[in-house]
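Here the structure is laid out as structure tokens; the discussion comes afterwards.
The values are calculated or read from the model by the stated rules, or taken from the named source; none is laboratory data. Quick caveat: nothing in here was measured; it's all calculated off a predicted structure. Cβ atoms come from the backbone with ideal geometry, glycine included; neighbour counts cover every protein chain shown. Accessible surface areas use protein heavy atoms only, side chains included; no ligands, DNA or RNA. Shrake-Rupley method; radii C 1.70, N 1.55, O 1.52, S 1.80 Å.
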Amino acid sequence: MPCPIGYAQIMERSPRRADVPARPARPASPSGTPPRPAGPPPEAPAQAPSQAPATTARSRAAAAVRATGPGSRLPSGMPENPQVRGWIWRGVFSAIAFLVVTILLDWRLGVTAAALVAIFDTFMRHNHARIMLPQSRVAAAQRKTRRTLRGLEKSGWQTLNNRCIPGSDQEIDHFLAGPGGVFAVDSELWDKRLPIRTGGTGRELYHGPYSQTERLEHAQWEAAQATRLVSSALRQRVHVRPAMVLYGPKVPWIVVRMLGVDVFAGDRLKKYLKQEARQRAKASERLDPDQVAQIIAVAEKVLPPRPDRRH
């Protein structure tokens, strides 16, 4: 019997990993990471609600920016505390200034030069840290994505921003539905000084030396929860696909899928969604405006807004 509103067309075209547990995004210690349940993944509508992650939604973004915690991989001998590394580099620069000025001029001027270098370095690091606060990065990334999505409203896309997942303290940055399907988009702004790359197996994401695989798993978990909640409310299968848009460093690929999550640069978001719409049109799976409106209306009920976003 055909689905009355055509949601059977919204099917997943890649293997799912709906069994990703609701885990802390970046707990303070490895002991805070819950084990992954064994066994095959259940169907999303029948999936029992996952336990709420132990940390706030913003802590996982802060961890991704700072790149510390479980899963991070640092070069051998490098201190994990960025403040310690800062003091080490400050001492090196001051020592170089002292030696150069002492050799060329006088040791007294060398001491003055070393002190000035230390003061300047302290000021620059403090100013950079103030500008690059994790909360500021999160907000800046989300603003960039919202501007792009607003430009797609005429193309039939509708968006809900900062939607909470009931039973947890996590939230979806952007829930959107349109001709190309339904997506849970995660916005990330990372330090542009560190390169982005994939692991040897193509299933791991690195920002410099730090593994961001848990970020992929968390994005997948968010999409799985949205799939479960929206499908249950509509009593039809609605697959929500996870995507992650990156700002800051140069992304050396167009679109890559890792652990079921499409990862690409933020400036490619509009092209990505238009391409998805074209592919669904060819397969006669394009969502019409009524279907999009109904999905968004249901998502507004099952994915409440963040409390500070209600007004």
Worksheet, complete the sentence: For segment 212-311, averaging the sequence separation of alpha carbon pairs under 8 Å that lie six or more residues apart and dividing by its residue count, the contact order in percent is 25 percent
Item to complete: Give me the net charge of LEU152's neighbourhood, meaning all other residues with Cβ under 10 Å from the Cβ of LEU152; Lys, Arg count +1, Asp, Glu -1.
Response: +3
Worksheet item: If the limit is 23 Å between Cα atoms, which of LYS270/LYS301; LYS192/LYS274; LYS144/LYS274; LYS154/LYS270 go over it?
Response: LYS270/LYS301; LYS192/LYS274
Item to complete: Could you please state, rounded to a whole Å, how far the C-alpha centre of segment 216-280 is from the C-alpha centre of segment 135-196?
Response: 10 Å
Worksheet item: What is the distance, in nm, between label points placed 7 Å from the Cα along the Cα-to-Cβ direction at THR198 and at LEU116?
Response: 5.0 nm
Item to complete: Give me the number: length gained by fully extending ARG235 to ASP288, i.e. 0.36 nm times residue separation minus the C-alpha to C-alpha distance, one decimal in nm.
Response: 17.2 nm
Worksheet, complete the sentence: For the VAL100, ALA139 Cβ pair and Förster radius 45 Å, calculated FRET efficiency rounded to 0.05 is 0.60
Fill in: Accessible area per residue in Å² at 1.4 Å probe, computed on segment 230-304
47 Å²
